[in-house]
2 protein chains.
Amino acid sequence: MNVSDIKQYMQFVGKAARTASRSIAKADTATKNRALIAMADAIRRDEALLLAANAKDLDSARAKGIEAAMIDRLTLSAKGVATMAEGLLQIAALPDPVGEITDLNFRPSGIQVGKMRVPLGVVGIIYEARPNVTADAAGLCLKAGNAAILRGGSEAIHSNQAIAACVKEGLLSAGLPETAVQVIETTDRAAVGELITMQDYVDVIVPRGGKSLIERIAHEARIPVIKHLDGVCHVYIDEQADIEKAIRIADNAKTQRYGTCNTMETLLIHRNIGNKVLPALSKIYLDKGVELRGDSAACAMVTSMKLATEQDWYEEYLAPILSIRIVDDLDQAIDHITQFGSQHTDAIVTENYSHAQRFLREVDSSSVMVNTTTRFADGFEYGLGAEIGISTDKIHARGPVGLEGLTSQKFIVLGDGQIRQ
Amino acid sequence: MNVSDIKQYMQFVGKAARTASRSIAKADTATKNRALIAMADAIRRDEALLLAANAKDLDSARAKGIEAAMIDRLTLSAKGVATMAEGLLQIAALPDPVGEITDLNFRPSGIQVGKMRVPLGVVGIIYEARPNVTADAAGLCLKAGNAAILRGGSEAIHSNQAIAACVKEGLLSAGLPETAVQVIETTDRAAVGELITMQDYVDVIVPRGGKSLIERIAHEARIPVIKHLDGVCHVYIDEQADIEKAIRIADNAKTQRYGTCNTMETLLIHRNIGNKVLPALSKIYLDKGVELRGDSAACAMVTSMKLATEQDWYEEYLAPILSIRIVDDLDQAIDHITQFGSQHTDAIVTENYSHAQRFLREVDSSSVMVNTTTRFADGFEYGLGAEIGISTDKIHARGPVGLEGLTSQKFIVLGDGQIRQ
């Protein structure tokens with residue numbers, strides 16, 4: 001397709017999504033669930049087809065010499081197919097957020113005013129290699145009553161089209177318009193440029209991928225973007241921490257998985273407890289192959305620690321590297337998080353009630369925790385059922401974004417002939 | 001100031017606002033209320049000063065030949081001064097939204113997950129002539145725990161600076177930083193360009209004013225904008241409407257005030273009830289001097305009605321003009337609202353349960369009403385206490401935006417040493 005064809009194609013897709021969004025918005029829960037279950041059935045049945053399509057993507061990715069990490073994200077296994085189907089069934093089992101009415105109260109004028117939860121309309125999702133996002137995003141958008149336009153990475157085009165066929169089959173079998181979920185058929189980047197500027201047809205964009213992709217999209221979009229930039233997460237071990245909990249939490253926050261956005265990247269330790277926790281913790285980290293970079297006070301407590309540079313405090317390593325800073329008090333810990341953090345997830349370990357309360361209130365991150373690991377910042381762990389992403393924005397939704405983040409609330413007013421004086 | 005000076009000045013203002021936002025975010029309710037009450041006291045005490053400053057603005061506006069409607073909006077009377085002070089006291093009396101914790105539930109892992117309501121941070125407000133917005137916006141932002149940067153219309157500069165002095169005095173008397181509310185001191189338009197692109201210092205922009213101002217700001221902003229475009233509001237009189245309620249509501253929705261965004265601009269009437277309501281309604285409208293523009297079916301029912309053009313269905317008259325269309329059924333009414341409306345406020349008049357439910361669910365507007373007047377779409381009437389504006393956006397806040405719309409929610413997680421497996 002040339003550029004003007006792409007514009008025309010995307011306008012066509014957008015218009016169809018807007019029309020479909022009206023049907024999906026009024027679809028009842030049973031219908032949406034029937035579609036989700038039928039999608040899962042089709043995915044299970046088509047396992048061989050999906051794996052063959054994925055093999056095609058993998059072959060051309062390898063031929064292009066694409067890096068191993070990307071190949072890893074692109075790969076769909078039989079287990080991966082089963083997990084996709086399971087994910088759709090889990091979404092079917094979640095309560096339907098649409099139509100929920102809250103706070104319906106009488107006002108002095110006699111009218112009743114409340115809020116009804118409603119779909120956003122059309123959601124555009126832009127993602128990279130992982131093909132399972134196609135099924136997850138389709139399922140979440142559908143359950144939240146939205147139409148979806150999905151734009152996956154070009155390297156996953158065959159996998160995504162195969163999954164899209166199962167999604168379409170599910171929609172049709174429940175009597176819903178197949179255009180409720182559309183997977184962009186062109187790998188041309190111009191399609192993204194169109195998607196993020198079609199204000200009449202798209203209500204919100206959710207980009208998933210590396211920071212540079214997301215920054216570019218946020219910069220160019222003419223539509224609100226629910227975005228996640230980086231996860232520079234902290235654990236602060238307070239002077240009054242329980243030593244055993246502190247060590248367990250700081251270990252888990254760093255080493256349970258290295259490459260996730262909710263992994264701790266900087267450990268802050270109160271000066272007076274440093275000698276009680278740092279030697280034991282360092283041993284755990286070094287045994288697991290974690291490189292430690294400390295400020296001079298931390299280095300003085302543990303040999304075999306490199307001196308951190310200021311840049312280290314800003315760094316999202318996504319790797320077995322940890323920066324460690326000794327702080328004088330809670331204020332200095334909060335100041336450090338405010339200055340260097342990314343407002344993603346931060347935790348305090350303390351037995352002191354007032355310190356816990358202050359940390360909860362004053363740390364301005366999407367998730368703030370007491371006496372537990374940053375690794376819990378996740379839609380499943382929070383009970384949202386599944387997540388379309390994690391938002392580090394401040395308006396609309398913060399933290400893991402599940403069904404509720406894909407909806408909004410309108411006011412409803414019930415009267416009996418009242419007029420305004 | 002030249003352009004580079006303005007850039008420097010705005011950066012200075014932004015940095016100060018960001019710093020102040022941290023103090024305001026942790027200020028307790030009593031402190032914020034003390035500041036609000038002190039502001040109100042200062043405004044009452046300085047009535048003569050405020051009126052003198054306003055007279056200065058009015059003189060130069062008249063010298064410039066500014067239109068009467070603008071002069072009207074710019075004018076501050078003694079009663080206006082009292083109302084501003086009263087507004088601040090009402091905000092002081094509202095419950096503090098900041099720190100409210102909801103949905104704190106245990107998860108299978110043993111952690112407790114909930115949400116805490118938190119300020120947005122720094123709010124930039126851009127408005128036109130009305131000086132009272134300076135006090136209202138300052139009060140709402142403060143109570144919601146935000147720092148505010150206010151940019152009023154250049155024609156109100158003296159009035160706004162005089163009000164700003166009272167606001168500053170209130171902040172200082174409560175021990176809060178005076179930079180928590182800053183009123184931009186330059187009337188240069190370049191300041192707006194800076195304000196809406198200072199991503200590091202400003203979290204959200206709320207423009208108030210004409211559609212063209214808001215569209216320009218939304219287009220140029222690099223920061224989320226909570227905006228209100230137009231209010232093409234509808235009342236649909238269903239076949240099964242109570243005639244007496246229908247007439248009362250349709251009268252009030254149009255004629256109680258003509259120039260407000262929640263005034264009805266188009267009346268939709270079911271074909272089978274047209275002859276029962278339209279003659280009586282037309283008489284009311286015509287007696288009040290409302291010009292009627294109907295489709296051919298409506299014109300056939302009432303003489304002295306002009307034939308409407310398609311453009312009329314899109315029009316926000318803000319004037320004693322009403323367009324009237326006869327529709328075949330509920331579906332056609334909803335389709336009309338979907339096609340021509342502005343997703344602001346729409347109402348149905350009906351005694352039919354299913355029609356009311358369908359209208360509530362299917363009309364995608366920020367306020368949807370049954371058997372009452374669109375004129376109720378207002379922060380005070382909804383019990384929000386006051387409003388910073390009305391949002392016709394779909395994410396974050398829809399409808400009247402009060403204190404809650406100036407806040408967001410973060411996740412809080414309370415543990416007792418739990419780690420992720």
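Data overview
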{"item": "For region B:60-73, 3J(HN,Hα) per residue [Karplus equation, 6.51 cos²θ - 1.76 cosθ + 1.60, θ = phi - 60°, Hz, x = Gly/Pro]", "result": "6, 5, 5, 4, 7, x, 5, 4, 4, 4, 5, 4, 4, 5"}
{"item": "Greater than 29 Å apart at Cα, pairs in A:Lys394/B:Lys211; A:Lys56/A:Lys168; A:Lys26/A:Lys56; A:Lys15/B:Lys245", "result": "A:Lys26/A:Lys56; A:Lys15/B:Lys245"}
{"item": "Partner chain coverage, peptide A:394-406 - average Cβ within 10 angstrom", "result": "4"}
{"item": "Other-copy label distances relative to A:Phe12, 7 angstrom Cα-Cβ extension, nm", "result": "5.7"}
{"item": "Within 10 Å of each Cβ in A:374-383, the average number of Cβ atoms from other chains", "result": "4"}
{"item": "Environment charge at A:Thr187 (Cβ cut-off 13 Å; Lys +1, Arg +1, Asp -1, Glu -1)", "result": "-2"}
{"item": "For peptides A:15-24, A:353-362, sequence by mean Cβ density within 10 Å, most packed first", "result": "A:15-24, A:353-362"}
{"item": "Gyration tensor (alpha-carbon) shape descriptor, region B:42-145, a/c threshold 1.5", "result": "prolate"}
{"item": "Whole-number percent relative contact order across chain B, with pairs defined as alpha carbons under 8 Å at least 6 apart", "result": "18"}
{"item": "Largest to smallest principal axis extent of the C-alpha atoms in region B:62-119, angstrom", "result": "70, 24, 12"}
{"item": "DSSP-defined antiparallel bridges as percent of all bridges, the protein assembly as shown, nearest 5", "result": "25"}
{"item": "Global form of the protein assembly as shown, assessed from the alpha-carbon gyration tensor, a/c cut-off 1.5", "result": "oblate"}
{"item": "Where a label projected 7 Å from the Cα of A:Thr102 along Cα→Cβ would reach, residues of region B:109-151 with amide N under 16 Å", "result": "B:113-118"}
{"item": "Chain B, Cα convex hull volume normalised per residue, Å³", "result": "175"}
{"item": "Closest-to-axis residue of chain B (Cβ criterion, axis taking B to A), whole Å", "result": "B:His396, 2"}
{"item": "Distant-in-sequence amide H partners of B:Ala386 (H built 1.01 Å from N, under 5 Å)", "result": "B:Leu403"}
{"item": "Separation of alpha-carbon centers, region A:1-23 and region B:1-38, rounded to whole Å", "result": "44"}
{"item": "Point-charge dipole on Cβ atoms (K/R +1, D/E -1) for the protein assembly as shown, about Cα centre, debye to 20", "result": "60"}
{"item": "Amide N of region B:29-60 lying under 19 Å from the label point, which is placed 7 angstrom from the Cα of B:Thr187 along Cα→Cβ", "result": "B:50-60"}
{"item": "Mean Cβ count within 10 Å, highest first, over the residues of peptides B:371-378, A:158-165", "result": "B:371-378, A:158-165"}
{"item": "Alpha-carbon centroid distance for the pair region B:248-294 / region B:148-206, whole angstrom", "result": "41"}
{"item": "Pseudo-label separations to other copies for A:Leu307 - Cα-to-Cβ vector, 7 Å, nm", "result": "8.7"}
{"item": "Only Lys, Arg (+1) and Asp, Glu (-1) charged, at Cβ; region B:233-381 dipole about Cα centre in debye", "result": "480"}
{"item": "P(r) weight above 21 Å for region B:233-381, C-alpha pairs, percent", "result": "33"}
{"item": "Region B:301-411: relative contact order in percent, alpha carbon pairs under 8 Å with at least 6 residues between", "result": "17"}
{"item": "Cα gyration tensor category, rounded, prolate or oblate, for region A:141-211 with a/c compared to 1.5", "result": "oblate"}
{"item": "Shielding score for A:116-126, defined as the mean number of other chain Cβ atoms within 10 Å", "result": "2"}
{"item": "Approximate spin-label separation A:Ile71-B:Glu215, in nm, with each point projected 7 Å along Cα-to-Cβ", "result": "5.3"}
{"item": "Inter-copy spacing of A:Gly383 label points, which lie 7 Å from Cα along Cα→Cβ, given in nm from shortest upward", "result": "2.5"}
{"item": "Residues whose placed amide H lies under 5 Å from that of A:Glu351, excluding near-sequence neighbours", "result": "A:Gln240, A:Ala241, A:Asp242"}
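Every number in this text was worked out from the coordinates using simple rules, so none of it is lab data. Since the structure is predicted, the reported quantities are computational estimates derived from the model, not experimental observations. Ideal geometry is used to build each Cβ from the backbone, glycine not excepted, and the neighbour counts take in all protein chains shown.
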